[in-house]
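In what follows, a structure is listed as structure tokens, so that the remarks can point back to it.
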Amino acid sequence: MIQLKLLIWFMAPVGMMAAISFILYRSETDIRPGSEMARVLMDKARRWNERFDLTGFLHHEDGFFFQWLEGQPDNLAAIMERIERDPRHRNLTYLARGTQAERQFSRWRMGYSTRSEASVLRWLADHPVVIRERKEYAAGMLAFLRERESLLN
Ligand SMILES: Cc1cc2nc3c(=O)[nH]c(=O)nc-3n(C[C@H](O)[C@H](O)[C@H](O)COP(=O)(O)O)c2cc1C
């Protein structure tokens, strides 16, 4: 009995920790990086993310968006439903999704970078990222986004 109580005591904090869900996707777009349309999109996204307590990072390069988005599962699912339907991009492909104990981008309602700051293609070529599977591609992409965010003020 004492052992059981101890086990419950030890496990409680793990169970009580709210899991943060995350997604990483790639999509295709005609919006030009750094354009007024991109700015409008990001402004609105950040306002909604504030309201839904979501954080993340979006890299925009050569007709592609790469976005990491994280937060409480219900909030993330609600926003992803809208993002999936958004006509400003197409062919949305999930590269990774799951849960994590902590946020990767807690400083950013939605950080944004373009090729003029850094090229993800060059970054992947310059780093020893072995890409045999989608999860390795996703891990490389997350590392790139984390590096971009660490350089943003
Ligand atoms: C590439 C891309 C990324 C987006 N990221 C977000 C985001 O992080 N958060 C968000 O609320 N909306 C984001 N949006 C916008 C949503 O699709 C949607 O327009 C927004 O949630 C407002 O909903 P509404 O257009 O129905 O008013 C994104 C759209 C695109 C095309």
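Overview of results
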| quantity | calculated |
| --- | --- |
| Evaluation of residue 109 against (1) surrounded by 12 or more Cβ atoms within 10 Å (Cβ to Cβ); (2) modelled with pLDDT of 95 or more; (3) of a type in the set (Lys, Arg); (4) within 18 Å of residue 20 (Cβ to Cβ) (one fails), failing number | (2) |
| Residue that is farthest from residue 46 (Cα to Cα) [pool: residues in region 73-129 that are outside any helix (DSSP H, G or I) and aliphatic (A, V, I, L, M)] | 129 |
| Flag if residue 146 is farther than 18 Å from residue 44 by Cα and basic (Lys, Arg) | yes |
| Long-range neighbours under 7 Å by Cβ, at least six apart or interchain, first residue farther than 13 Å from residue 58 by Cα within region 128-146, second assigned to a loop (DSSP other than H, G, I, E, B) and β-branched (Val, Ile, Thr) | 136/129; 136/130; 137/131; 140/129; 140/131 |
| Scan of region 45-69 for residues that are more than 10 Å from the ligand (Cβ to nearest atom) and surrounded by fewer than 23 Cβ atoms within 10 Å (Cβ to Cβ), ordered by number | 53, 61, 62, 63 |
| Only one of 85, 107, 39 that is of a type in the set (Lys, Arg) and within 10 Å of the ligand (Cβ to nearest atom) | 85 |
| When residues of region 61-72 are limited to those that are in a strand (DSSP E or B) and more than 13 Å from the chain's Cα centre (by Cα), the one nearest to residue 23 (Cα to Cα) | 64 |
| Region 137-147: number of residues that are closer than 15 Å to residue 114 by Cβ and surrounded by fewer than 19 Cβ atoms within 10 Å (Cβ to Cβ) | 1 |
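The values are calculated or read from the model by the stated rules, or taken from the named source; none is laboratory data. Computed from a predicted structure; not experimentally measured. Backbone-built Cβ (ideal geometry, glycine too); neighbour counts: all protein chains shown.
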